[in-house]
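Engineer: One structure, pasted below without further comment.
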Amino acid sequence: NAKFEVLNNGSSFIMSDGTLTIVRGGGGIAYGDLFIRPQTASVTGGTIYLQTVNNISAPEETFRIDASVALNNLTITGFDADDATRASLTVNPLNLNGNLVLSNANSYLTTNNIDVSLKGNMTNNGNTSCYSYGTNLTTFNGNTQLINGTAATNFYNLTIGPVTSVTLSH
């Protein structure tokens with residue numbers, strides 16, 4: 001099983017506020033670390049954090065993500081270069097009703113050519129390689145959104161709309 005898993009008939013995932021923090025990636029190949037495929041879901045708020053800690057015996061870790069429902073905010077935070085956090089999409093597109101934050105230069109999202117859709121802001125406080133897009137489509141489809149942070153973010157295929165405005169800054 002995954003570290004955090006909601007699955008099967010009769011299952012429900014409800015998140016309206018608060019935080020869910022998964023520390024130390026490296027879940028199994030079949031299910032990974034964050035595996036959310038409930039029969040019913042309601043996500044109206046909250047933040048999911050994927051992060052590593054300073055751990056000499058467990059270096060850089062990969063968190064595998066598969067969610068069949070839209071999540072709210074997702075924040076990826078690596079500790080340092082030796083303890084980076086690498087999140088990796090496995091099957092379903094990543095749909096966020098909130099923000100995507102790559103906290104620093106040790107925080108990575110690899111899409112594996114799987115689409116990403118955001119209704120909130122995207123913050124890249126790492127570098128241009130922190131968002132590894134492959135051949136995916138990244139869609140910004142909220143109202144007023146920011147693509148910001150301390151680093152430029154590159155996209156393979158980008159769609160903006162229908163939105164009021166998207167502001168790019170770094």
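Engineer: Figure the gain on full extension for Ala70 and Asn55 (residue separation times 0.36 nm, minus the Cα-Cα span) and round it to one decimal in nm.
Structural biologist: Computed gain between Ala70 and Asn55 is 2.2 nm.
Engineer: With bins 5 Å wide starting at 0, give me the P(r) of the stretch 85-170 over every alpha carbon pair, in whole percents.
Structural biologist: Spelled out per bin, shortest first, that is 4, 16, 27, 29, 18, 5, 1.
Engineer: Okay, next question. State the Cα centre-to-centre distance between the stretch 12-52 and the stretch 142-163 in whole Å.
Structural biologist: 24
Engineer: Share of the chain's accessible area from carbon and sulfur, percent, 1.4 Å?
Structural biologist: Carbon with sulfur: 47 percent of the solvent-accessible area.
Engineer: A further question on this structure: Show me 38-50, 2-14 ranked by packing, highest mean number of other Cβ atoms within 10 Å first.
Structural biologist: 38-50, 2-14
Engineer: Let me ask something else. Give me the accessible area per residue for the chain, probe 1.4 Å, as a whole number in Å².
Structural biologist: 46
The values are calculated or read from the model by the stated rules, or taken from the named source; none is laboratory data. Since the model is a prediction, treat every value here as computed from it, not as a measurement. FYI the Cβ positions are ideal-geometry reconstructions off the backbone, even for glycines, and counts take in every protein chain you see. Side chains are part of the model used for accessible areas, which takes the heavy atoms of the whole protein and leaves out ligands, DNA and RNA. Shrake-Rupley method; radii C 1.70, N 1.55, O 1.52, S 1.80 Å.
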